[in-house]
Amino acid sequence: MSLKAVDLFTRRQGRVRYRINRAVRRQPRLTVFRSSKHIYAQVIDDTNGRTLAAASSLDKTLKPGMKRGANKDAAAAVGKLLAERAKAAGVTAVVFDRGGYLFHGRVKALADAAREGGLQF
């Protein structure tokens, strides 16, 4: 990425976080990070600064069943696993933080799978 692209991504990320923090302060935040090879997701309690649940395409339970960690199928599997772990931690409602990524492709697949798994956002 060029320097300009990084700056634009950082600005989008800050804009999304600002809107999330302004709108809802009580609910945990489901945040997504995607790289070129894998996808990661966490449910974070910002008031206490703790990670309540996390899942990624590198997870030992998911990795044997996947050919690649950077496609929609892998993102959906991560979303379902994250929803199970969040429900086990007692979290049912979250705020979705897409970071600076567009709500499209892998990010959307993860979000839809998390909703199917029982998380509300």
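Taken as a whole, the condition of being aliphatic (A, V, I, L, M), in a strand (DSSP E or B), in contact with a strand residue (DSSP E or B) (Cβ under 7 Å, 6 or more places away or on another chain) and surrounded by 13 or more Cβ atoms within 10 Å (Cβ to Cβ) applies to LEU30. Got at least one residue in the range 66-86 being in a loop (DSSP other than H, G, I, E, B), at negative phi and either in contact with a Gly (Cβ under 8 Å, 6 or more places away or on another chain) or of a type in the set (Phe, Trp, Tyr) (or both)? No, because not a single residue in the range 66-86 is in a loop (DSSP other than H, G, I, E, B), at negative phi and either in contact with a Gly (Cβ under 8 Å, 6 or more places away or on another chain) or of a type in the set (Phe, Trp, Tyr) (or both). Residues in the range 13-61 that are of a type in the set (Gly, Ala, Ser), out of contact with any helix residue (DSSP H, G or I) (no Cβ under 8 Å at 6 or more places or on another chain) and in contact (Cβ under 8 Å) with a residue 12 or more places away in the chain: ALA23, SER35, SER36. Criterion applied to GLY90, GLY99 was being surrounded by fewer than 21 Cβ atoms within 10 Å (Cβ to Cβ), modelled with pLDDT under 95 and part of a loop (DSSP other than H, G, I, E, B), and the one residue passing it is GLY99. Restricting VAL78, VAL95 to residues that are of a type in the set (A, V, I, L, M, F, W, C), free of Cβ contacts under 8 Å to residues at least 40 places away in the same chain and in contact with a helix residue (DSSP H, G or I) (Cβ under 7 Å, 6 or more places away or on another chain) narrows the list to VAL78.
The values are calculated or read from the model by the stated rules, or taken from the named source; none is laboratory data. As the structure is a computational prediction, the values presented were derived from the model and not from experiment. Please note: Cβ atoms are built from the backbone with ideal geometry, for glycine as well, and neighbour counts cover all protein chains shown.
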